[in-house]
1. Amide H of residue 88: which non-local residues (sequence gap of 5 or more, or other chain) have their own amide H closer than 5 Å, using H built in the peptide plane?
2. Can you pull the Kirkwood radius for the chain, inverse mean 1/r over Cα pairs, to one decimal in Å?
3. Can you give the helix-only mean residue ellipticity at 222 nm for the chain, where every DSSP H stretch with n ≥ 4 adds -39500 (n - 2.57) and the sum goes over all residues, rounded to the nearest 500 deg cm²/dmol?
4. Treating the angle as unsigned and between 0 and 90°, give the value, to the nearest 10°, between the Cα long axis of helix 44-56 and the longest Cα principal axis of the chain.
5. Whenever you get a sec, compute what percent of the accessible area on the chain sits on carbon and sulfur atoms (1.4 Å probe).
6. Sort 129, 113 by heavy-atom solvent-accessible area, probe 1.4 angstrom, most to least.
7. So what's the net charge close to residue 36: Lys and Arg +1, Asp and Glu -1, counting the other residues with Cβ under 13 Å from its Cβ?
8. Who wins for biggest fluctuation among 42, 94, 72 in a Gaussian network model of the chain, springs between alpha carbons below 10 Å?
Amino acid sequence: MTSAIKQHAEPAGELTALAREVREGVGRLDWRMRAEADAPSPGAAALTVLSRLSRAGTHTPGELAETERMHPQSLTRILATLTSRGLVTRTADPSDGRRSLIDITAAGRAVLREYSMSREKWLAAAMDRSLSTTEQELLRMASQLLKRLAES
């Protein structure tokens with residue numbers, strides 16, 4: 001079977017089971033890190049928006065909605081909250097006054113950094129407590145694979 005055909009075929013039962021295990025493990029780990037974080041969370045959707053702006057820079061609301069696969073109405077509420085808290089700014093697009101540009105503020109970066117550091121602190125301690133050196137190295141490799149899958 002050629003690789004082009006194989007890519008469009010249904011995953012084998014073994015891969016489907018692995019996909020379920022990975023999804024469950026990542027989901028449970030994410031839930032646990034949220035519960036263990038010292039810093040209060042601004043909410044998953046707000047964190048997603050702040051993270052996108054921090055990584056990729058200024059966006060229009062339409063670009064944010066598209067890249068993060070959000071409904072425009074939901075994004076409007078999120079942006080209103082983030083703007084009122086001073087975590088993002090909204091300015092007129094100089095090339096098209098009908099559009100606005102959204103950017104993260106220093107306060108937004110600080111909130112994102114504090115929340116991320118809090119989660120990472122718990123995770124590092126849990127890895128130190130629970131995993132051998134070999135398991136930590138396997139996890140390092142798995143993290144690279146997870147990133148690659150997320151970008152595919």
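1. 83, 105
2. Details: mean 1/r = 0.0549 Å⁻¹.
After inverting the pairwise mean of 1/r, the radius is 18.2 Å.
3. Details: 7 runs with 107 residues, N = 152.
Mean residue ellipticity at 222 nm (helix-derived): -23000 deg cm²/dmol.
4. The answer is roughly 80 degrees.
5. Working: 6120 of 10990 Å².
That fraction is 56 percent.
6. On the way: 129 160, 113 130 Å².
Solvent-accessible surface, decreasing: 129, 113.
7. Around residue 36, the charge tally is +3.
8. Looking only at 42, 94, 72, the biggest GNM fluctuation is shown by 94.
The values are calculated or read from the model by the stated rules, or taken from the named source; none is laboratory data. What you see is a predicted model; the values in this text were computed from it and never measured. In this analysis, Cβ positions are derived from the backbone assuming ideal geometry, glycine residues included, and neighbour counts consider all displayed protein chains. Only protein heavy atoms, including side chains, enter the accessible area calculation; ligands, DNA and RNA are left aside. Shrake-Rupley method; radii C 1.70, N 1.55, O 1.52, S 1.80 Å.
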